[in-house]
Amino acid sequence: MRDFRVQSGADLLQRGDKFFHWQNTRRENGLWPFSRSTQAGPGTVCDAADDRGNPIHGVNFASQDYLSLSAHPVMRAVAIETIRSHGVHSAGSSALVGNTNLSVELERRIADYLQMEEAILYPTGWAAGYGIIRGLVRSADHIVMDQLSHVCLQEGANAATRNIHQFRHLDVEHCRRKLAGIRASDTENGILVVTEGLFSMDSDTPNIAALQEVCHEYGATLVVDVAHDFGALGDGRGHIGLQAMLGRVDLVMGSFSKTFGSNGGFVACHSRAIKEYLRFYSPSATFSNALSPMQAAVVLKALDIVDSAEGVELRAKLLHNVNLLRSTLTANGLEYYGDPSAIVAVKMGTEGLARLVSRRLPVLGLLSNLVEYPAVAKGAARFRMQVMAGHTEDNIVRAVAIMKQAVTEARAELEQVGETRAAAA
């Protein structure tokens, strides 16, 4: 896809032609596994359709409903009741009259849950990641970021300053050297260090305490994106909680779209001053409509569940399923990246093999998301299997059996193609 990002020519409306030809060639050959739609929500087993309308039925490891809260009966009831009492729309920015009593309460709850002083809501997690950087960083400032940081963070950085410095993934000492180099020539401007609590492509986590310490050493500010671990790991507070860093990180940014059954995002901080500054200088907050009252109510109820005995049970089920999936993959000769989390990224290697596997999975009855270059390194394609608390052991065993069959058949097809080409040559 990187080949089509930059297109030239005077007619902007022709910019998509070459990409669409490439995309459609894949689509017509059953090799375009993106833009699919579920027919009745992200269940553990669901009906779906590809972007040509072809039906798919199978076990679903392609949705990020980690605690299976999207279909929880209490969550549905709260959503319906809130629509009756508040309507369906916030009808304004949070800087104007878009807030409701529900969003104000949610800001307070998020801040308290993370042991921070304040929190501000955003309409999406992407808006929060982009907005925290765009809101705080100016052109003379510096951004030092893990090279695998999410695209919302990278886009925010690119919009804010040219002074962007990337450090090797999870490498605290490389980050330190970047900071030392900046401070050797610039002691006047700000530095924002950017990382994630859990990286979704590799399912690994940084040493948050070490990064915060090095930020203090060089007068930098740390922001940790907790989109994928918040609510789902540890006691519900993710790796910040697991690493005993609650209330000790400068800025925490997160999303409600993984564990909390809703769209939306947040930034938690240590002062009302920063919260208000972001509200009026973070463009994705100032110039976007606020969360709908229904979304805020759903997240509040999800937070109640996450912070309850039921939440403990759901996280235990999720971790059991994660470990069962990983061990079953290993028993079937399939490898994966990273540490236990709701994301189990199954290694494929070459894009050709991964695409042939992707063609077979829906036919055999498995939904799983293909991740290929440039989202990951070339030759490091993978399927990101996203686990839910509601998955059964049968779901997991079946999914692995399908993945193994698809890989076996795809390898055989690749070998046959290679032999045919060799004979023709």
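Nothing in this text is a laboratory measurement; each read-out follows from the coordinates by a stated rule. Source: prediction; values computed, not measured. Counting neighbours? That spans all protein chains shown, and the Cβs are built from the backbone with ideal geometry, glycine included.
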The chain: calculated mean residue ellipticity at 222 nm from DSSP helix runs of at least 4, using -39500 (n - 2.57): -14000 deg cm²/dmol
Compactness of the stretch 73-306 as Cα Rg over 2.2 N^0.38 Å, two decimals: 0.99
Rh (Kirkwood; distinct C-alpha pairs) - the stretch 267-405, Å: 18.0 Å
Estimated distance in nm for a label pair at D186 and S271, the labels positioned 7 Å out from Cα along Cα-to-Cβ: 2.1 nm
Cβ-derived FRET efficiency at R0 25 Å, A375 paired with T408, nearest 0.05: 0.50
Rel. contact order, % - alpha carbon contacts under 8 angstrom, at least six apart, the chain: 22 percent
Crossing angle, helix 125-136 versus the chain [Cα axis fit, 0-90 degrees, rounded to tens]: 40 degrees
Degrees, to the nearest 10: 172-185 long Cα axis against longest axis of the chain: 50 degrees
Gyration tensor verdict on the stretch 264-347 (Cα atoms; rounded if a/c is under 1.5, prolate if a/b is larger than b/c, oblate otherwise): prolate
DSSP beta bridge pairing in the chain, given as percent antiparallel to the nearest 5: 60 percent
Sequence-separation-based contact order of the stretch 73-306, relative, with Cα cut under 8 Å and 6+ spacing, percent: 33 percent
Loop-resident sites, the stretch 72-154, for trypsin sites (Lys or Arg not before Pro), counting at most 15 other Cβ within 10 Å (DSSP): R138
Fraction of antiparallel bridges per DSSP, the stretch 160-275 only, in percent to nearest 5: 40 percent
Inter-part distance where the stretch 50-67 and the stretch 331-377 are each reduced to a Cα centre, Å: 15 Å
Cα-centre dipole for the chain with unit charges at Cβ (Lys and Arg positive, Asp and Glu negative), debye to 20: 740 debye
Prolate/oblate/rounded call for the stretch 1-136, Cα gyration tensor, a/c under 1.5 rounded: oblate
Equivalent ellipsoid dimensions for the stretch 105-159 as semi-axes, Å, which come from the Cα gyration tensor, largest first: 24, 12, 11
Test item: Cα-centred dipole of the stretch 281-375, Lys/Arg +1 and Asp/Glu -1 on Cβ, debye: 340 debye
Volume in Å³ per residue [convex hull over Cα atoms, computed for the stretch 133-172]: 60 Å³
Antiparallel DSSP beta bridges within the stretch 73-306, as percent of all bridges there, nearest 5: 40 percent
Descending semi-axes in whole angstrom, ellipsoid equivalent of the stretch 156-270, from the Cα gyration tensor: 25, 15, 13
Spin-label model distance (nm) - N29 vs E81, 7 Å beyond Cα toward Cβ: 5.4 nm
Nonlocal Lys pairs with alpha-carbon distance under 20 Å, the chain (8 or more apart, or different chains): 5
The stretch 357-425, relative contact order in percent, only Cα pairs under 8 angstrom and at least six apart counted: 33 percent
Coil-residue chymotrypsin sites (Phe, Trp or Tyr not before Pro) of the stretch 118-206, DSSP, other Cβ within 10 Å capped at 14: none
The chain: radius of gyration over Cα atoms, expressed as a fraction of 2.2 N^0.38 Å: 1.02
The stretch 1-16-the stretch 288-328 distance, computed between alpha-carbon centres (Å): 41 Å
Ordering of 243-255, 150-162, 46-58 by burial proxy (mean other Cβ atoms within 10 Å per residue, highest first): 243-255, 150-162, 46-58
Gain on full stretching of the segment that runs from L353 to Q147 - 0.36 nm per residue minus C-alpha separation: 71.5 nm
